[in-house]
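Below is one structure, written out as structure tokens, with a few remarks after it.
The values are calculated or read from the model by the stated rules, or taken from the named source; none is laboratory data. Keep in mind that this is a model prediction, so the values were computed, not measured. Virtual Cβ from ideal backbone geometry, glycine too; neighbours counted across all protein chains shown.
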Amino acid sequence: MDLVFEIGCEELPASFQKPALEWMAAEINKGLDDARLNGEGEAQRANIATYATPRRLALIVTAIAEKAPDTTRKLVGPPAKAPEAARAGFAKKAGVALDSLKIENDRVVVEQHVRGQAAAEALPPLLEKIIRSIPFRKSMRWDSLEADPFARPVHWIVATLDGKLLPVTFADVKSGVESRGHRFHDPKPVRITARGYVAELRKAHVLVDWAERKQRIGEEVARAAKEAGGAPRPDDELVETVTGLVEEPSAVVGYFDKEFLQLPPEVLISEMRGHQKYFAVQDEKGVLLPAFVAVSNTKVKDPAVSRKGYERVLRARLSDGKFFFDEDRKVPLASRVEKLARRTFLQGLGTERERIDRLRDVALWLHGATGRGEASQLSQAAELCKADLTTGMVGEFPELQGSMGRVYALHDGVAPEVADAIFDHYLPRGAEDRLPQADAGALLGMADRIDQLVGIFGIGKEPTGTADPYGQRRAALGLLKVTLGRGYRFDLHEAMHYAQKLHARNPKVSQEAALLEKIWAFLLGRLEVLLRDRGQPDSIQAVLHTGAHDLAALEKRLVALQTVREKNRAQFEAAAAAFKRIANILAQAREKGLAPVGLKPDLARTPAERALIAASTKAGITEALENENYVAAYEALAALRPEVDEFFDDVMVMDPDAAQRDNRLALLRALHELFSPLADFSRLQVEKSS
């Protein structure tokens, strides 16, 4: 059977649409599974397709089972010795007669017959639950404070199963069988079907398929830019945003005065794409032309009318930008630094002036720890890196912070390396953004993020499962990406400890050691995601929980672990299981209060003990670790497996003789200390050694 479920509403923000669709698809899939309407096996499962435009969110689900099969389930009740009243209560709750109860494994049990629901019966409550539960970033109510919230007011709901109406109600709207076409080009009701959904709405001037609409926008923008003698500046993020703003795109080229080309390209592009969502146009060399492309949701008979409107809006914005640009350059960037003393960074974390002092100190600490960068450049860049926050341009267009700092620094004659660092220290700004190209910007950006993490976590404002108002996840990912991407070697835990001491002047910032452990755990969570294409999940867990704080070394250990594991999986995993067993024995010994002082080789009685001591001494693991030859270290560990297996076969660790027991525990502890820098083997999912 085929389901059509469409929610029609006022225009949704572009950023709301795809997350809502992903959540809806997951919920309908889970709901069909729970109702046993999803079929068995991949070939039989229902097919779920999602569609969105600014005015609708839709699920088209085909091949739903008409009815769930009947089934039986076993309910386990009270103990067999329970009083009669308890048995009777269990039988009543299960809906069966008292004499149908049975005893299994000293418990009262009963087999309950469960009738399979028809799809037409199971789907309406599921669809109502979905529409009421979509986790929008912001929701609103209309008509009544008691009404159900949604991102925007809902105007229609389509809910049909094989063309027949499913009764679904939300707020004051009841489901029907008709959708709506384009608001202006074809506003009348449209009867839609599961198999013809995309084509039927296309006829009504709605390109409901996201990929089709995105492609059309690209074609329209390229066509319009060609009219101006150029091509659109590549900007996939803007294309994606505009795809969520229109239902049937129509592009119009517009022009602005050439005098505005005196503005920095960053300003022109930001002005065009920021509020107006215009596409910049460039020539074959990548130089901006005095033209732009706007994408409309409505085709007009006379494009010249639309063009004038778009040009008027942009002219006003560019005029403001030129005014701020001219005024800002009258004051040197260095003269603005003291104004930062009047700007609070965050309540409890001091002023922006105090913050740049911390950034300079942390950046210089990183310079000393890594041996990278040039101290004088770092100091000057740190002093100027936030000065553009006081400019009119950044005050009006916050997205230009860093960009304008570089432009104004170059205007003031600052060295290009320092000016570039002012911009680069914000990189990467997003998941796909590039990394800083030089050490000054990279180290300064790392210092910025370390200061944020320590300060914001320190005043108890760390992210929650649903909220991250201060962008700490983004800061953590940026710190990790820059550190790994540029191969910096240093102890990140020590860097955070240094930053924590710099925050001591702010009494609200915790100076507890537990703060750093909380931040480190947070960073490891992000690092686990970054490294997921470098190794198996349990390999990543094992390497990240060794207690080491050098990110580049952790990455190298993971690559080595995965290499050795894939090279000879059976041998490695058998050895890993043996070392995992060692860790478990030592943990159990600690629980019993047993703490061996040290290994005494002369107390070793059995050949297996002596063989293991000799093999571990010759293994070469310590030298391999010192040389960071992690592949050799892992291979040496794997080579110890025969001696470890023989030890466990022939030797009783928990010997009644306390001296023998402690010496054997000391031997295992020495082995554990030998391999623990490589990985926490207790986290590896491996078979027991045999």
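So that you can scan it fast, the table gives a plain yes or no per residue for (1) at pLDDT below 95; (2) in contact with a Lys or Arg (Cβ under 7 Å, 6 or more places away or on another chain):
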{"residue": "25", "(1), (2)": "no, no"}
{"residue": "38", "(1), (2)": "yes, yes"}
{"residue": "44", "(1), (2)": "yes, no"}
{"residue": "53", "(1), (2)": "no, no"}
{"residue": "59", "(1), (2)": "no, no"}
{"residue": "65", "(1), (2)": "yes, no"}
{"residue": "71", "(1), (2)": "yes, no"}
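Within the set 455, 441, 445, 478, the sole residue that is surrounded by 23 or more Cβ atoms within 10 Å (Cβ to Cβ), under 17 Å from the mean Cα position of the chain (by Cα) and assigned to a helix (DSSP H, G or I) turns out to be 478. Look at (1) over 28 Å from the mean Cα position of the chain (by Cα); (2) touching a residue at least 24 places away in the same chain (Cβ under 8 Å); (3) in the same structural domain as residue 285 (by TED's automatic domain parsing); (4) surrounded by fewer than 22 Cβ atoms within 10 Å (Cβ to Cβ) and you find that residue 271 fails only one, number (4). Does segment 298-316 contain at least one residue that is in contact with a Phe, Trp or Tyr (Cβ under 6 Å, 6 or more places away or on another chain), assigned to a loop (DSSP other than H, G, I, E, B) and surrounded by 17 or more Cβ atoms within 10 Å (Cβ to Cβ)? No, that holds for no residue. A Cβ distance below 7 Å, combined with a sequence gap of six or more or placement on separate chains, defines the contacts here; from segment 391-404, residues that are farther than 9 Å from residue 266 by Cβ and without any contact (Cβ under 8 Å) to a residue 40 or more places away in the chain reach residues that are polar (S, T, N, Q) and surrounded by fewer than 24 Cβ atoms within 10 Å (Cβ to Cβ) in the pairs 394/401.
Determine whether segment 551-566 contains at least one residue that is surrounded by fewer than 18 Cβ atoms within 10 Å (Cβ to Cβ) and not in a helix (DSSP H, G or I). Looking for residues that are surrounded by fewer than 18 Cβ atoms within 10 Å (Cβ to Cβ) and not in a helix (DSSP H, G or I), one finds none in segment 551-566, hence no.
Of all residues in segment 501-509, one or more are closer than 25 Å to residue 367 by Cβ, out of contact with any helix residue (DSSP H, G or I) (no Cβ under 9 Å at 6 or more places or on another chain) and not in a loop (DSSP other than H, G, I, E, B).
Would you call residue 341 farther than 30 Å from residue 275 by Cβ, touching a strand residue (DSSP E or B) at 6+ places or on another chain (Cβ under 8 Å) and not basic (Lys, Arg)? So residue 341 passes the test.
Only residues that are in contact (Cβ under 8 Å) with a residue 40 or more places away in the chain and either part of a helix (DSSP H, G or I) or surrounded by 15 or more Cβ atoms within 10 Å (Cβ to Cβ) (or both) were counted across segment 332-344, and they come to 7. Restricted to helices (runs of 4 or more DSSP H) entirely inside segment 345-397, those with at least 3 residues that are over 31 Å from the mean Cα position of the chain (by Cα) and among the small types (Gly, Ala, Ser) are 375-384. Would you point out which residue out of 124, 167, 149 is closer than 16 Å to residue 28 by Cβ and not aliphatic (A, V, I, L, M)? 124 is the lone residue from the list that is closer than 16 Å to residue 28 by Cβ and not aliphatic (A, V, I, L, M). Every condition in (1) surrounded by fewer than 21 Cβ atoms within 10 Å (Cβ to Cβ); (2) under 23 Å from residue 680 (Cβ atoms); (3) touching a residue at least 12 places away in the same chain (Cβ under 8 Å); (4) not hydroxyl-bearing (Ser, Thr, Tyr) is met by residue 543 except one, and the failing one is (1). Could you tell me whether segment 322-330 includes any residue that is part of a loop (DSSP other than H, G, I, E, B) and either modelled with pLDDT of 95 or more or surrounded by fewer than 21 Cβ atoms within 10 Å (Cβ to Cβ) (or both)? Looking through segment 322-330, at least one residue is part of a loop (DSSP other than H, G, I, E, B) and either modelled with pLDDT of 95 or more or surrounded by fewer than 21 Cβ atoms within 10 Å (Cβ to Cβ) (or both).
From the residues in segment 643-670 that are in a helix (DSSP H, G or I) and either out of contact with any helix residue (DSSP H, G or I) (no Cβ under 8 Å at 6 or more places or on another chain) or β-branched (Val, Ile, Thr) (or both), which one is surrounded by the fewest Cβ atoms within 10 Å (Cβ to Cβ)? Only one residue tops the list, namely 658. Scoring residue 636 on the criteria (1) hydrophobic (A, V, I, L, M, F, W, C); (2) free of Cβ contacts under 8 Å to residues at least 40 places away in the same chain; (3) touching a Leu at 6+ places or on another chain (Cβ under 8 Å) leaves a single failure, condition (3). Could you check, for segment 251-267, whether at least one of its residues is among the basic types (Lys, Arg) and assigned to a loop (DSSP other than H, G, I, E, B)? Checking segment 251-267: not a single residue is among the basic types (Lys, Arg) and assigned to a loop (DSSP other than H, G, I, E, B).
Got at least one residue in segment 114-129 being farther than 30 Å from residue 47 by Cα and assigned to a strand (DSSP E or B)? There is no residue in segment 114-129 that is farther than 30 Å from residue 47 by Cα and assigned to a strand (DSSP E or B). Residues that are surrounded by fewer than 18 Cβ atoms within 10 Å (Cβ to Cβ) and under 24 Å from residue 545 (Cβ atoms) do occur in segment 595-617, at least one of them.
Within segment 680-690, the presence of at least one residue that is surrounded by 16 or more Cβ atoms within 10 Å (Cβ to Cβ) and within 20 Å of residue 611 (Cβ to Cβ) is confirmed.
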